[in-house]
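Before any comments, here is the structure.
The values are calculated or read from the model by the stated rules, or taken from the named source; none is laboratory data. For clarity, every value in this text was computed on a predicted model and none was experimentally measured. Note that each Cβ is placed from the backbone with ideal geometry, even for glycine, and that neighbours are counted across all protein chains shown. Note: areas computed on protein heavy atoms with side chains; ligands, DNA, RNA excluded. Shrake-Rupley method; radii C 1.70, N 1.55, O 1.52, S 1.80 Å.
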Amino acid sequence: MPALCRECLTEVAETRRCPACGGLRIVRHEELFDLSIAHMDCDAFYASVEKRDNPELADKPVIIGGGRRGVVSTACYIARIRGVRSAMPMFQALKLCPDAVVVKPRMQVYVDVSRKVRTMMDELTPAIEPLSLDEAFMDLSGTAKLHGKPPAIMLARLIKRMKDELGITGSIGLSHNKFLAKVASDLDKPQGFAVIGKAETDSFLKDKPVRMIWGVGPAAQEGLERAGIRTFSDLLRWDQKELSERFGSMGYRLWHLARGQDRRRVTARNPVKSISKETTFFEDTSSLDLLDGHLWRLSEQVSDRAKAKAKAGRVVTLKLKRSDFSLISRRLSLRDATQMADTIYQTAKGLFDQVGNQGPYRLIGVGIADIVSETEADLSADLLDPKAAQRRKAERATDAIRARFGKEAISKGRGIR
């Protein structure tokens, strides 16, 4: 059976320990050197960067997030073992893990590290489809001749370089399509390398829960369970027409995924259609003060992503999910495209004020759409808000200070609510 030592990248035989370096981190699979679609996911990315930059945090539970009334952005694996999860209210996370070290996010630092990882991936293949700062699909088909090595070895080398040169770790999922590669990357985290081959696809999926499908959240899962669908085996009992009639376009997709079929290509240059961020509460809330704090934080995060991508949006969107899972969505077209957190927040707040008393809410999201280049952003003066230009100037100055001294150098009071 093909096998690879992930420590020294040596192809090894049927041994438990690598004969070249003595390492035990060996990945084995019948199709190891035949597969070329991969998903790379950094391990607890923000927390890993913070531990890299502050070695005193290495063995401590670390939570990235705002003040005590904020929410968890991400957490290291030590904190996750205690039950801490992304989007959890900070007070609840600290009850579960009272000895955690809470670190405010440094977005520009994470963006810089992400770009260095992307440069490493670019050396492997031009077919890279980023999903966020810390994860991406890669198609290494046809690259074996270029590198003189099969994709599996080059992917193991990528993860080794990330650890040796950047001080962060990642996990690889390797398969024959995007769906299964994404599933595989979650099987062995952190520092994992998991493979799902063509021959084992049916047997692997058979009794797995449908929540494993990327994009099937609590609401979709609840709807599937009402139809008696909890596992992939349950899905296989439905024909394509029935699923499509019951669940629309999602039903068509589920029919194919239940059989491990995914024809989507890894597309390197998909145009950015929208930039959004949302958070789900662990307890439904109607607190206008708390919701307003989330509006600001989400607007900042959308703004950070837009600036990192040199993009702006002509439309601001608001998404709310009520306790009964019903959705409220609002959008407003702007006179000028924007990438400014203040403009995104002010617009989203205006949209929220129109519907804010319809809670309690379990989710809130903010985004921008109708994406254009940042060169088209914030060009006109706002006669109805003469202080808007002053706030934009202050935000640019804030960005410069944070880029030099870190994200935590300046923060707004509304951001810690």
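A few notes on this one:
- Carbon and sulfur %, accessible surface of the chain computed with the full protein complex present, 1.4 Å: 50
- Using C-alpha pairs under 8 Å with a sequence gap of at least 6, the mean separation divided by the residue count of the chain gives a relative contact order of 15 percent.
- Among beta bridges identified by DSSP and lying wholly in the chain, the antiparallel ones come to about 90 percent.
- With a threshold of 28 Å on the Cα-Cα distance, the over-threshold entries among K178/K241; K104/K307; K206/K309; K60/K311; K182/K321; K149/K208 are K206/K309; K60/K311; K149/K208.
- Rounded to the nearest angstrom and listed largest first, the equivalent-ellipsoid semi-axes of the chain from its Cα gyration tensor are 37, 27, 22.
- Dipole of the chain, positive direction: furthest Cα of F247, L180, G359, with charges on the beta-carbon: G359
- Longest segment of the chain lacking GluC sites (Glu not before Pro) that sit in a DSSP loop with at most 16 other Cβ atoms within 10 Å: 201-417
- Cα centroid of region 255-315 to Cα centroid of region 31-70, whole Å: 19
- Straight-line cross-link partners of K95 among the aspartates and glutamates, defined as a Cα under 17 Å from its Cα and at least 8 positions apart when in the same chain: E283.
- With the charge dipole of region 117-224 set up from +1 on Lys and Arg Cβ and -1 on Asp and Glu Cβ about the Cα centre, the Cα lying farthest toward the positive end among the listed residues L131, Q221, G192 is that of G192.
- Dipole magnitude of the chain about its Cα centre (Cβ charges: Lys, Arg +1; Asp, Glu -1), debye to nearest 20: 500
- Taking a sphere under 13 Å around the Cβ of Y361 and counting the other residues whose Cβ falls inside, with K and R at +1 and D and E at -1, yields a net charge of -1.
- Average accessible surface area per residue within region 44-158, 1.4 Å rolling probe, Å²: 45
- Heavy-atom accessible area per residue - region 275-322, 1.4 Å, Å²: 38
- In percent, rounded to a whole number, the relative contact order of region 16-118 is 21, using alpha-carbon pairs under 8 Å and six or more apart.
- In Hz, Karplus ³J(HN,Hα) per residue of region 371-377 (6.51, -1.76, 1.60; θ = phi - 60°; x = Gly, Pro): 6, 9, 5, 5, 5, 9, 8
- Prolate/oblate/rounded call for region 195-286, Cα gyration tensor, a/c under 1.5 rounded: oblate
- Cβ-defined net charge surrounding Y77, 14 Å radius [Lys, Arg +1; Asp, Glu -1]: 0
- Which of F91, G66, L9, positive extreme of dipole for region 1-143 (C-beta unit charges): F91
- Any cysteine of the chain lacking a neighbouring Cys Cβ under 4.7 Å - listed by number: C42, C76, C97
- Cβ crowding within 10 Å averaged over residues, with 288-295, 212-219, 323-330 ranked highest first: 288-295, 212-219, 323-330
- Over region 1-73, relative contact order from alpha-carbon pairs under 8 Å, at least 6 apart, %: 20
- Solvent exposure of region 164-243 amounts to 45 Å² per residue of accessible area, where only protein heavy atoms count and the probe is 1.4 Å.
- Integer Hz, Karplus 6.51/-1.76/1.60 couplings in order for region 192-200, x for Gly and Pro: x, 8, 10, 10, 10, x, 5, 5, 9
- Restricting the calculation to Cα atoms, every distinct pair contributes to the Kirkwood radius of region 120-218, found to be 14.5 Å.
- Backbone amide hydrogens, once placed in the peptide plane, bring V102 within less than 5 Å of I63, excluding anything fewer than 5 places away on its chain.
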